[in-house]
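Colleague: Would you mind keeping the following structure in view while I ask a few things?
The values are calculated or read from the model by the stated rules, or taken from the named source; none is laboratory data. In this text the structure is predicted, and so the values were computed from the model without any measurement. Glycine also receives a Cβ, built like all others from the backbone with ideal geometry; neighbour counts cover every protein chain displayed.
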Amino acid sequence: MLFAIYALDKEDSIQLRMDTREAHLAYLANSPLVFAGPLLDDEGIMCGSLIVLEMENITQVKNFADNDPYAIAGLFKNVEVRHFVKAFPLDGTSKS
């Protein structure tokens, strides 16, 4: 199943994000990652993360999110985990 992690950074935490970024990227490299990237504010500054994973259940995803180096460092003010369904682009197996 696909799951999305939507995490917003605490205010004025760009330095904490940068200090922890290498550990975060290494953590993602060893995961069932589908895609990921930073969320940007109106000025183009990183202010959160969007991560899509393929895992068995939401408990695994929440455990993954809790053990992310960003989360351990206290970067996030809010984290949401939701089931995710890839609708587009069509992969050729869908009937139209």
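Colleague: Residues in segment 2-39 that are in contact with a helix residue (DSSP H, G or I) (Cβ under 8 Å, 6 or more places away or on another chain) and of a type in the set (Phe, Trp, Tyr): how many?
Modeller: Matching residues across segment 2-39 total 2.
Colleague: For the chain, give me every one of the helices (runs of 4 or more DSSP H) that falls completely inside it and has 1 or more residues that are hydroxyl-bearing (Ser, Thr, Tyr), at pLDDT 95 or above and within 14 Å of the chain's Cα centre (by Cα).
Modeller: On the way: elements: 14-29, 58-66, 69-73.
Per the criteria, 14-29, 69-73.
Colleague: I need the full set of residues from segment 27-41 which are more than 22 Å from Ile14 (Cβ to Cβ), touching a strand residue (DSSP E or B) at 6+ places or on another chain (Cβ under 8 Å) and of a type outside the set (Phe, Trp, Tyr), in order please.
Modeller: Within segment 27-41, Ser31, Pro32, Leu33, Val34 meet the criteria.
Colleague: List every residue pair whose Cβ atoms lie under 8 Å apart, where the two residues are 6 or more positions apart in sequence or sit on different chains, the first residue falls within segment 24-50 and is under 16 Å from Ala7 (Cα atoms), and the second residue, located anywhere, is assigned to a helix (DSSP H, G or I) and of a type in the set (Val, Ile, Thr).
Modeller: Listed by first residue and then by second, the contacts come to Ile45/Ile14; Met46/Ile14.
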